[in-house]
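Report on the following structure.
The values are calculated or read from the model by the stated rules, or taken from the named source; none is laboratory data. Everything numeric here is computed off the predicted structure, so don't read it as measured data. A quick note on method: Cβ atoms are made from the backbone with ideal geometry, for glycine too, and the neighbour counts reach across all protein chains shown.
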Amino acid sequence: MTEEGNPAPAPRSMFDRMRERLVPDGLPEDDRGRIRMVVNSLVLHLHPAKVPERTLRWTYSWGLGGLSAVLMMLLGVTGIILLNNYTPAVPQAYLDILELRSNVWFGELIRNLHHWSANLLIIVAVLHLVRVFLTGAYRPPRELNWLIGAGMLVLVLAANFTGYLLPWDQLAFWAITVGTSILSYVPLAGEWLSRLALGGPEVGGNTLLNFYSMHISFIPLLIFALMSYHFWRVRKDGGLTMPRGLDEAEPPISERVTTIPHLVRKELVFALAWIAALLVFAMLVPAPLEDIANPDVSPNPAKAPWYFLGLQELLLHFHPLVAGIILPGLAALAVFMLPFFDTNPASVGVYFRSRRGRSLTFLSAGLALVLTPLWVLLDEYLLNWSAWLPGWPALLSNGLIPLAVLLLPLFLLDEWLVRSFKADTEERVLFIAGFVFTAFLILTAVGIFFRGPGMGLYWPWELPVAGH
Amino acid sequence: MTSSNRMSRRDFIKVTIGAIGGVMGVLLGVPVVGYLLQPAFRKQAAEAWIPIGKLEAFTIGIPSPFSFTRTKVNGWERTATSYGGFVLRRSEDPKEILILSSRCTHLSCRVNWNEAAQGYLCPCHDAKFSIEGEVLSGPPPEPLERYNEFKVDEDGNLLIFFEEA
Ligand code: HEM
Ligand code: FES
């Protein structure tokens, strides 16, 4: 605006003025400008103005945390617009999804995008956790951020599980029936908890409404809050841990480069590439939808969502209190406690800590690779604890006793490492985590690819196609 | 205020704000928590005699399925819950009937009578129950539930007494 007395500046177009208001400094030309832009922008200031070159290496972080954030954004956008065509009521929910698929412009595509992003998010978030674990990046001062990350993983699983019910088809109904029935085995509060989750005695309209409100408000809001804090903490804890090769004794000194363009450019390219890939995938592969939920007929086989099939596999072998509550509870506890007992700062940033650590990890993964399928087969065809211990309470004969028998070899292996190789805490952690994680992956794979009708074991190529 | 050695102005404000904040916290917190927990305590006073079919329609010696739906109306919201089971007539005698729930005691899938296997099979985790509902194999911790109270009315309908847990 011109002022009295001043010479009138050259007239500028409305668009120039709008641009000046929105981006006052224009796009930066030099490093000082780039640094100022990062510091002054709400979104970009999550980054420092400069970052050590080395932490930008693909082969260190693999961009997994960033990809999780990209997927959350996609989920937020597609989820919010899905709401325009969805009613959380029985049977309208199912009819709405049918309508969405056949009569809403791009309805199928939006649903597929939401579905596949949600599934990819689970894989990516778990891989991110594995990367942070293998590089020891959870150690002081980053304990809190590890906890926040683990909390977000729990929430992502909860978001997926609650979302799974929403289409109200056979898949949804029975996966949630089985999943929530596990709650009723919680000692003392079981019945009460399962009623609370279901809003009644069985999965029904109340459950749908419950899950819906959790799925679209409480869980995403909490994830968003934690995510913001997670990013901020990365900065507060001094940026990413410094990558270091197995043979480098000292954390290297790395040249610092400006965030714009070095980091931001990588992030943008990476995000765009993944979004493009997801779009293509969502155009080609439809999200599954079976017949409308029928409370009288369990489909055969009735499988949980794929990411819970490792747990479902345990449910085939153990009493539900052990398989559904004690084992996952112990695993979660170990994950949450990890940064408080494995604290050695010397090997932070080194994949597998050391050469010996790497050998131990591969050894444990290899052992699990052989032993887990062996155990599945044994348990399927030979072991029958409840028949061998007739009259014993099922919790013992089908739960705690086989569990003890199973954990014993792991304890013995661990003792052997300590006695024969003087393994220290971080090596034992690598060994046990490598074993347990690999075993869980294999159980999940068995559940996905080898379980068929009646939950019997089949070769993958003999499996009947789901829904037929 | 003149100086008092009991409590400074600052402490007074701290304590008052703390106390009011605490009271407000409880006033807001109790309704919120209560509102959210209520479904766990809701008693559905559901007890009824439910007809499940003509007695003569059930073959003697072979378990036959039945199902029924209970509907609860809560304002504009109708919630239907389905129940099902199997009737086994052991003989002509209308007292000699075994009625089992089809809800698997493991994780609530519905079991099916399988004539070839002479047992109830659960598709979810490969369980097998005997014709009496006892666990033969698989993970369920308990036998199938029984409907112990039943009767046959003048018209030959079989009714079960249904009580919601
Ligand atoms: C936190 C991340 C989220 C995850 C992991 C997630 C996961 C899922 C999953 C697995 C489904 C089932 C989709 C299907 O099988 O078709 C689903 C459905 C749905 N979600 Fe999400 N979701 C997330 C965020 C959101 C948000 C933020 C909203 C909206 C505010 C939303 C709204 C919906 C709706 C309306 C459906 C039903 C539509 C359908 O079944 O296709 N979601 N979600
Ligand atoms: S629900 Fe029947 S065996 Fe698991």
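Summary table
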{"read-out": "Matching entry among A:LEU153, A:LEU171, A:LEU209, A:LEU188 (being more than 24 Å from A:ASN112 (Cα to Cα) and either within 14 Å of chain B (Cβ to nearest Cβ) or within 16 Å of ligand 1 (Cβ to nearest atom) (or both))", "value": "A:LEU188"}
{"read-out": "Top-ranked residue of the stretch A:50-91 - restricted to ones that are part of a helix (DSSP H, G or I) and polar (S, T, N, Q), ranked as farthest from ligand 2 (Cβ to nearest atom)", "value": "A:THR55"}
{"read-out": "Residue within the stretch A:249-263 that is on the phi < 0 side of the Ramachandran plot, out of contact with any helix residue (DSSP H, G or I) (no Cβ under 7 Å at 6 or more places or on another chain) and among the aliphatic types (A, V, I, L, M) present", "value": "yes"}
{"read-out": "Of all residues making up the stretch A:212-252, the number that are of a type in the set (Ser, Thr, Tyr) and more than 14 Å from chain B (Cβ to nearest Cβ)", "value": "3"}
{"read-out": "Segments classed as strands (runs of 3 or more DSSP E), wholly inside the stretch B:48-165, with at least 3 members that are within 16 Å of ligand 2 (Cβ to nearest atom) and either within 12 Å of another protein chain (Cβ to nearest Cβ) or in contact with a strand residue (DSSP E or B) (Cβ under 7 Å, 6 or more places away or on another chain) (or both)", "value": "B:77-89, B:112-114, B:119-122, B:127-129, B:135-137"}
{"read-out": "For A:VAL322: the one exception among (1) more than 24 Å from A:PHE421 (Cα to Cα); (2) touching a Gly at 6+ places or on another chain (Cβ under 7 Å); (3) among the aliphatic types (A, V, I, L, M); (4) at pLDDT 90 or above", "value": "(4)"}
{"read-out": "Residues of the stretch A:355-413 that turn out to be under 17 Å from A:ALA439 (Cα atoms), small (Gly, Ala, Ser) and touching a residue at least 12 places away in the same chain (Cβ under 8 Å), as a count", "value": "3"}
{"read-out": "Helices (runs of 4 or more DSSP H) within the stretch A:370-467 that include 3 or more residues β-branched (Val, Ile, Thr) and farther than 27 Å from B:ARG110 by Cβ", "value": "A:401-421, A:425-445"}
{"read-out": "Set A:THR444, A:THR425: member being in the same structural domain as A:GLU313 (by TED's automatic domain parsing), surrounded by fewer than 14 Cβ atoms within 10 Å (Cβ to Cβ) and touching a helix residue (DSSP H, G or I) at 6+ places or on another chain (Cβ under 9 Å)", "value": "A:THR425"}
{"read-out": "Some residue of the stretch A:94-111 being over 22 Å from A:THR177 (Cβ atoms), surrounded by 22 or more Cβ atoms within 10 Å (Cβ to Cβ) and in the same structural domain as A:LEU360 (by TED's automatic domain parsing)", "value": "yes"}
{"read-out": "Positions within the stretch A:27-49 being of a type in the set (S, T, N, Q) and assigned to a loop (DSSP other than H, G, I, E, B), in sequence order", "value": "A:SER41"}
{"read-out": "Residue check, A:VAL297 within 16 Å of ligand 2 (Cβ to nearest atom), touching a Leu at 6+ places or on another chain (Cβ under 6 Å) and within 14 Å of chain B (Cβ to nearest Cβ)", "value": "no"}
{"read-out": "Subset of the stretch A:73-96 [among the aliphatic types (A, V, I, L, M) and within 14 Å of chain B (Cβ to nearest Cβ)]", "value": "A:ALA89, A:VAL90, A:ALA93"}
